[in-house]
Amino acid sequence: MVEDNIDDNEVEQWGDFPVALLQQKSMEYAIISKRSSRARYSYGIIFLITNLIAWFVRDYGERVLPLLHYSKACGNGGSECSHTMGVLRVSLGCFSFFLVMFLTTCFTSKLYDVRNVWHSGWWILKFLMLIIFTVIPFFVPSDYIQLYGEFARVGAGVFLILQLISVIEFITWWNNYWMPDERKKQSCSLGLFMSTVCYIASICGIFVMYVLYASKTSCILNIFFISWTAILLVVMMAVSLHSKVNRGLLSSGIMASYVVFLCWSAIRSEPATQKCSSQQQNNMHGGWTTVIGFLIAICAIVMATFSTGIDSQTFQFRKDKVQSEDDVPYKYGFFHLVFSLGAMYFAMLFISWNLDGLPRKWSIDVGWASTWVKIVNEWFAATIYLWKLIFPVVRQTKVMDHEETEQQMDNSTSV
């Protein structure tokens, strides 16, 4: 009897052993997952520091960094390593760093993968690697840096497209969250309230832009920009409320606010030499408002890059895949790829998309090139949004027509 009791106890202990082992593994995976999630904030700080270095080299590098004068690639007086060329050199270093991180972490899917340790740790080595990648471009001949600048224009454009898709997907999710069905009346009423606020803000924004930037008949280009934005607002609302689409007012209201913001940002980027530009007023005031606006713009660049980088689910082909406890919390490769494109994007903003110009101190994204990039970005955003509304209807119509054709052929065959 004693031996039987001992055997039963041993069986129970061994039976609980796999359960305890699974619980321990789950705890280890949770700890590793949190460490990986915290790592992305460290990369965001690295990206912010790189932005500040690019600004410092652009505005003060020629005067404050005498070591640049000893590099043959920097030319006489270090002029080829400051201003526009200095920004491109810092951008190239940041791009190279995140490109290496992309190549070494892409296709990482499990937390126990060695590449997950590399992504979440080894910070001293990565810090040294970042310093090396930042310094090397200052010894690269200017012709190659100019070539990188042309390539950076394309990369910045790709970044803007990814950012637009991410924003539109977020708007779609927000619309589905607040207006899911008729059973949640409180959510629907709150969604209706938010859509009303967005439309009122959009209309007020259009009116204010007319008053501030298109008050003269000579401001033909601004009048065209603002009027076309108003037309886009009406078209998006009409398509969203169409009986076959029936997406409601919330998504189109949020999208309307975003489009108005892009139009306002584009007009604000017009050069100060224009009589319809607000930059002349900014130059009169200057001072701390310019500095604060510049710092806010840098933070906006970092936040836009960070939010797009962690939104890898939007760009997955299979969105019904179940997340396992040992899966990585986000796609490391896509995250670093977006940051490498973001390095090109901040370079274009600092030099106003102009490779041959001389940027003004404490300025960011000012000039006709920046204005037209933002205007095209606005039109492209509206086009993508309308396509996402219309495409499901068109696809469903084609499927119904195909099924109807097959049914008619079956009926004719049976007859």
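The values are calculated or read from the model by the stated rules, or taken from the named source; none is laboratory data. This is a predicted model, so every value here is computed, not measured. Here the Cβ is made from the backbone with ideal geometry for all residues, glycine too, and neighbour counts use every protein chain on show. The protein model used for the area step is the full one, side chains on, heavy atoms only, and it has no ligands, DNA or RNA in it. Shrake-Rupley method; radii C 1.70, N 1.55, O 1.52, S 1.80 Å.
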Subset of the range 355-386 [under 18 Å from G61 (Cα atoms) and open to solvent by less than 40 Å² (accessible area, probe 1.4 Å)]: L355, G357, P359, S363, I364
Out of all the residues in the range 128-145, is one or more at pLDDT 90 or above, surrounded by fewer than 16 Cβ atoms within 10 Å (Cβ to Cβ), of a type in the set (A, V, I, L, M, F, W, C) and closer than 25 Å to A304 by Cα? yes
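Which residue, of I226, I200, is of a type in the set (A, V, I, L, M), farther than 14 Å from L249 by Cα and within 28 Å of the chain's Cα centre (by Cα)?
Numbers: I200 fails: farther than 14 Å from L249 by Cα.
Matching residue, one of I226, I200: I226.
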Taking the criterion of being outside any helix (DSSP H, G or I) and either among the hydrophobic types (A, V, I, L, M, F, W, C) or modelled with pLDDT of 80 or more (or both), would at least one residue in the range 290-306 satisfy it? no
So I203 fits all but one of (1) modelled with pLDDT of 75 or more; (2) open to solvent by less than 40 Å² (accessible area, probe 1.4 Å); what number is the exception? (2)
List the helices (runs of 4 or more DSSP H) that sit entirely inside the range 101-183 and contain at least 3 residues that are within 30 Å of Y385 (Cα to Cα). 142-178
